[in-house]
Amino acid sequence: MYNEYENLNELVSIMPDANEFMLERVKKLNKLLELGINPYPYNYDYNDRTYTKEICDDFDNIDEEKELSLAGRIMLLRRMGNATFCNVIDEKGNIQIFFSKKLIGVDNYNILKLIDTGDIIGVTGTVFKTQTGEITIRANKFEVLSKSVRNLPEKYHGIQDSDLRQRHRSLDMIMNVDVKERFIKRSKAITAIREYLNNMSFIECDTPILDTKYGGGEAKPFKTFVNDLDSEVFMNVSPELYLKRLIVGGIERVYTFARSFRNEGIDRTHYPEFTLMECYMSYADYEDMMRIMENIYEHVFKKVNGSTKIKYGEEEIDFKVPWKRETMCNLVKKDTGIDVENISREEIVRLVNDKNLLVEEQNEGLNLEEVTKGELIVNLFEAYSEKELIQPTFVIDFPKESSPLCKVHRKNSELIERFEPYAYGVELGNAYSELNDPLRQRILLHEQAEKLRGGLETASPMDEEFAVAIDIAMPPTGGLGIGIDRLIMFLTSANTIKDVIAFPLVKR
């Protein structure tokens, strides 16, 4: 077989971080080629391949004479003359492999000497327990399935630097089993949400990523350009307006998992690219959406973790239904001593100044003389109440200024029927009794467009297609948005949102 890796100097020129250990691996790769062994075969021809976890879990029922096949990556390698032990990991776990020169033959044992940690092999053999009680595969034969030319990080330290872990997520997953498990749990959680909604007769529909307008959330959008249309377009901020158009079109229960993009700050719980699950239900209101929200969380935690309780930081949090409900005004009264619901804006301003409540770091640029009463209430809540919400809590009944897409509260015209669920001081979602009065909706959309023209970058442009759909008549509707990344943070006890995004942006 032609050896295409002979010129090590040329390889070094295209591998800027090449070192003596990597070059030694390339030499072994060349030796495999010289022996007529393809170190990168097209497939693994096996009979009844099994996984490490299945072998370990069912060891007592496995016939000691039965040959088993598995494939995985070598993580540890111990050579002892005529015997070699290695540990192999696959998607579900790890197991020890025992190689004997006597059993596999001299030629194959010499090939084994060309194997390193990080290599992927296929093994066929029988299972037994060592004297120390470790379940082990006694190899009858093996195959090289992929030769690694790069050393794995040192076993006991792995990758510690968070930037490197995100930049080289594959290595991070190999060296840190909990990282791989986190992304497996993410997939299971999304499957569980779909299962729950599908069982409630919801229909999943896609919505656009690129559009000539944007709406459904107060956010600064990302912009790009479509050459064929000679048009500037925006990346999706929220799928909300399209899902409501589907409701108008007659799909009475609809949901989507949407990649959403907001050109804003990055911190522990915020990231410019994230995943939203939004669902809309005809003939429902925000009370119905509260039940769906808490039931989804309970269903996911039971399905994936087997329990509604998790340890997060120093707290034990329980997502068991039902969650606590608190009005925003009552929380502000409790945490600041100001009864904001029953006094005027001017009186709130006086008390805020007397108590020296709104510090500049929390509300940069806030002008007490310009903000509305509702905006003041929201600011007080964000500054003093959010962080106190440790156990899952629905914060309900927001000031009407907080959203142009929500119905006025049926008992208090200064409020709207909106809620945000919180846990550990983190917002988990957003929901409304959706506004379906077409004339009122047009007025509020035009007000948003005016704010945008006035320089408010987080305001939305007028969406005439959406307004026309509401003109046609949208049934009473409850809407709910859940931040999937934040759900996964709690499900896996991850500290930051970047930990639950497989490949976050890393500054170059």
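Odds and ends about this structure:
- DSSP bridge pairs, the chain: antiparallel proportion in percent, nearest 5: 90 percent
- Annotation: extensible slack from Lys311 through Arg167 equals 49.1 nm (criterion: 0.36 nm per residue apart, minus Cα-Cα distance).
- Three semi-axes describe the equivalent ellipsoid of the stretch 163-205; taken as square roots of 5 times the Cα gyration tensor eigenvalues and ordered largest first, they are 32, 10, 5 Å.
- Surrounding net charge for Gly216, when Lys and Arg each add one and Asp and Glu each subtract one, Cβ distance under 10 Å: -3
- Once the C-beta distance of Glu34 and Glu457 is scaled by a Förster radius of 56 Å, the resulting FRET efficiency is 0.35 to the nearest 0.05.
- Those residues of the stretch 319-340 whose amide nitrogen sits under 14 Å from the label point placed on Gln391, 7 Å along Cα→Cβ: 319-326
- Within the chain, helix-based [θ] at 222 nm, where runs of 4 or more DSSP H residues each add -39,500 (n - 2.57), nearest 500: -10000 deg cm²/dmol
- Each peptide in 339-345, 63-69, 480-486, 170-176 receives the mean, over its residues, of other Cβ atoms within 10 Å, and ordering these scores from highest gives 480-486, 170-176, 339-345, 63-69.
- Per the Kirkwood formula applied to alpha carbons, the stretch 182-230 shows a radius of gyration over Rh ratio, Rg over Rh, of 1.14.
- When Rg and the Kirkwood radius Rh are both evaluated on Cα atoms of the stretch 51-101, their ratio Rg/Rh stands at 0.99.
- Environment charge of Arg150, counting only residues whose C-beta is closer than 12 Å and scoring Lys/Arg +1, Asp/Glu -1: -2
- If the Kirkwood radius is taken over C-alpha pairs of the chain, then at 10 °C and 1.306 mPa s the Stokes-Einstein diffusion coefficient equals 59 µm²/s.
- Zero-based 10 Å bins, Cα pair distances in the stretch 127-268, whole percents: 9, 19, 25, 22, 14, 9, 3, 0
- With eigenvalues of the C-alpha gyration tensor scaled by 5 and rooted, the stretch 13-55, Å: 30, 16, 10
- Violating pairs (Cα-Cα greater than 31 angstrom) within the set Lys28/Lys66; Lys101/Lys147; Lys324/Lys507; Lys180/Lys320: Lys28/Lys66; Lys324/Lys507
- Peptides 132-140, 297-305 ordered by average Cβ neighbours within 10 Å, highest first: 297-305, 132-140
- Sorted by Cβ neighbour density within 10 Å, fewest at the top, the residues Leu29, Leu23: Leu23, Leu29
- Distant alpha-carbon pairs in the stretch 91-139 (separation over 11 angstrom), percent: 74 percent
- Considering all C-alpha pairs of the stretch 400-508, those separated by over 16 Å amount to 69%.
- Each Cα pair under 8 Å and six or more residues apart adds its separation to the average, and for the chain the resulting relative contact order is 12 percent.
- The stretch 215-230 versus the stretch 23-100: alpha-carbon centroid distance in Å: 50 Å
- Contour excess over end-to-end distance, with Cα ends at Lys220 and Thr132 and 0.36 nm allotted per residue: 25.6 nm
- Relative to the Cα centre, the charge distribution of the stretch 8-152, modelled as +1 at Lys and Arg Cβ and -1 at Asp and Glu Cβ, gives a dipole magnitude of about 560 debye.
- Sorting Arg350, Arg165 by the number of Cβ atoms found within 10 Å of their own Cβ, with the fewest placed first, yields Arg350, Arg165.
- Using C-alpha pairs below 8 Å separated by at least 6 residues, the relative contact order for the stretch 1-153 is 25 percent.
- Cβ-based charge dipole, the chain, positive-most Cα from Ser148, Leu229, Gly36: Gly36
- Spatial separation of Cα centroids for the stretch 493-508 and the stretch 258-320, in angstrom: 18 Å
- Counting DSSP beta bridges with both ends in the stretch 8-152, the antiparallel % (nearest 5): 90 percent
- When you count the other C-beta atoms within 10 angstrom of each residue and take the mean per peptide, 413-424, 34-45, 316-327, 387-398 line up highest first as 413-424, 387-398, 316-327, 34-45.
- Check: the chain dipole with +1 on Lys, Arg Cβ and -1 on Asp, Glu Cβ, in debye: 1680 debye
- On the beta carbon distance between Asp267 and Asn227, with R0 = 35 Å, the FRET formula returns roughly 0.50.
- Only Cα sites of the stretch 8-152 enter the Debye sum here, all with the same form factor; the resulting log10 I(q)/I(0) across q = 0.11 1/Å is -0.43, listed in q order.
- Using every pair of separate Cα atoms, the Kirkwood estimate puts the hydrodynamic radius of the stretch 65-217 at 18.8 angstrom.
Computed from the coordinates by the stated procedures, all read-outs in this text should not be read as laboratory data. Given the structure is predicted, the values throughout are model-derived calculations rather than measurements. Virtual Cβ from ideal backbone geometry, glycine too; neighbours counted across all protein chains shown.
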